[in-house]
Amino acid sequence: MSDALRFEWMRLRTLRSTYWLLGVGLVASALIAVLITLVVNVVGGEEAPMDEMLAFALNGGAAFGIPFMAVCMAIIGIFATGHEWRHGTIQPTLTALPQRSRLILAKVLVVSATAVVATVVSLLINLGIVFVFWGEAPGLLDDPLNQALPGYVVYTLIYTLVGLGLGLLFRGVPLALVVIFLVPLILEGLISGLAMVPALDWLVPVVKFLPFSAGAQLMSTSTFEGEPVVDFDLFSRWAAGGVFAVFAAIILGVAWYLFKKRDA
């Protein structure tokens with residue numbers, strides 16, 4: 001197992017795409033944090049829901065539907081498996097490491113650790129930005145932020161594993177990239193929108209099981225108290241995260257099984 005871990009760590013840190021994607025994720029997340037803190041300074045803290053603004057700043061807008069860090073880490077996950085077929089390295093890899101389950105487990109562990117570390121670093125960078133512009137981080141240790149921030153780390157981790165599973169399932173990069181962008185950004189939004197049409201209200205119970213939308217509940221800090229246009233009866237934070245985790249486990253489990261059964 002140690003050989004597989006060393007191999008995967010060397011593969012990950014010798015790819016230029018790893019550094020580009022980490023850099024894009026960190027910088028984009030930090031720029032969103034700068035933008036949000038500046039907007040709050042202009043508008044005034046009294047006019048803005050500070051717990052939500054702080055959450056948006058710290059997670060780089062991920063809770064606002066712009067998960068730059070999660071998407072970049074998911075692409076790293078896709079490359080961890082999909083690149084093996086794209087560049088024809090899967091056969092020499094399996095020659096050196098014939099135990100397929102150990103190889104995939106090593107990829108899961110190394111990529112997961114990278115995702116968690118990168119997300120925590122991003123949070124710390126954005127927290128520094130918040131202190132620079134606000135001089136404080138109001139409510140940082142209070143509910144709901146004390147749950148939403150760990151939820152953001154878990155969300156990014158699961159998102160990354162979905163990417164890794166898709167790269168392994170499709171044995172390549174292009175189709176996995178299409179799915180990782182198409183499903184959360186278009187398909188799930190379309191289903192949620194259609195569920196608000198009275199004639200299609202049978203879609204309402206489906207919405208809370210949409211994996212990426214459910215995953216977004218992990219980062220929720222919403223304090224909305226009005227009557228919603230449509231009550232989707234969404235799961236609680238961690239139950240919704242469980243829906244996202246089950247989706248990732250199914251994708252990864254099926255891909256893992258097929259990897260062991262199919263030829264390289």
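Here, each number is a calculation from the coordinates, and none is a lab measurement. A quick note: this is a predicted structure, and the numbers were derived from the prediction, not measured. Neighbour counts are summed over all protein chains in view; Cβ atoms, including those assigned to glycine, are modelled from backbone coordinates with ideal geometry.
One table, with the values for the structure above:
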{"quantity": "Two-site FRET efficiency, Met196 against Val42, from Cβ-Cβ distance with R₀ of 35 Å, rounded to 0.05", "calculated": "0.60"}
{"quantity": "Over the chain: helical MRE at 222 nm, DSSP H runs n ≥ 4 each giving -39500 (n - 2.57), nearest 500", "calculated": "-23500 deg cm²/dmol"}
{"quantity": "Per principal axis, descending, Cα span of region 63-135 in whole Å", "calculated": "56, 19, 17"}
{"quantity": "For region 180-210 versus region 1-76, the gap between their alpha-carbon centres in whole angstrom", "calculated": "26 Å"}
{"quantity": "Over 28 Å [Cα-Cα, the chain], rounded percent", "calculated": "39 percent"}
{"quantity": "Calculated FRET efficiency for the pair Val254/Thr95, C-beta based, R₀ 35 Å, to 0.05", "calculated": "0.90"}
